[in-house]
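Student: Quick one: this structure, given as structure tokens, is what I'll be asking you about.
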Amino acid sequence: MDQCPGVSTCPFYMDRMAAMPTMAGMMKRHFCLDDYSHCARLMVKEKLGKERVPADLYPNQSVRAKQLLGAP
Ligand code: SF4
């Protein structure tokens, strides 16, 4: 698949989040460089804008992203 269009600015991809999980490299390969359509950060960014993406939201936190988007 394709690389996420946000890799050059994304705090997660740029290693600028306060606490990077030990599996960050695996998440980058899975989400950022392959299947970004399921990335929690991207989901929130596209619906609410980049200002509303929590600083500590990781790409694999889709449940949290859906809650932020108002899912029951
Ligand atoms: S964490 Fe999500 S938004 Fe950021 S570069 Fe990776 S896929 Fe894109």
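The values are calculated or read from the model by the stated rules, or taken from the named source; none is laboratory data. This structure is a prediction, so every number in the text was calculated from the model and none was measured. Cβ placement follows ideal geometry from the backbone for every residue including glycine, while neighbour counts extend to all protein chains displayed. Note: accessible area is taken over every heavy atom of the protein model, side chains too, but ligands, DNA and RNA are not part of it. Shrake-Rupley method; radii C 1.70, N 1.55, O 1.52, S 1.80 Å.
Student: Return only the number of the condition from (1) open to solvent by 70 Å² or more (accessible area, probe 1.4 Å); (2) at pLDDT below 95 that residue 21 does not satisfy.
Tutor: For residue 21, the failing item is (1).
Student: Next question, about the same structure. Condition check: within 11 Å of the ligand (Cβ to nearest atom) and open to solvent by 80 Å² or more (accessible area, probe 1.4 Å). Does residue 3 satisfy that?
Tutor: On the way: within 11 Å of the ligand (Cβ to nearest atom): yes; open to solvent by 80 Å² or more (accessible area, probe 1.4 Å): yes.
The answer is yes for residue 3.
Student: Next up: Pairs needed: first member in the stretch 1-26, farther than 15 Å from residue 37 by Cβ; second member anywhere, of a type outside the set (D, E, K, R) and open to solvent by less than 30 Å² (accessible area, probe 1.4 Å); C-beta distance under 6 Å; at least 6 residues apart or different chains.
Tutor: Every condition considered, the pairs that remain are 11/17; 13/7; 13/32.
Student: Moving on. Given the options 55, 71, 65, name the one that is open to solvent by less than 90 Å² (accessible area, probe 1.4 Å), in contact (Cβ under 8 Å) with a residue 40 or more places away in the chain and among the aliphatic types (A, V, I, L, M).
Tutor: Working: 71 fails: in contact (Cβ under 8 Å) with a residue 40 or more places away in the chain; 65 fails: in contact (Cβ under 8 Å) with a residue 40 or more places away in the chain.
When all the criteria are applied, what remains is 55.
Student: Out of all the residues in the stretch 32-41, is one or more within 8 Å of the ligand (Cβ to nearest atom), open to solvent by 60 Å² or more (accessible area, probe 1.4 Å), of a type outside the set (Gly, Ala, Ser) and assigned to a helix (DSSP H, G or I)?
Tutor: yes
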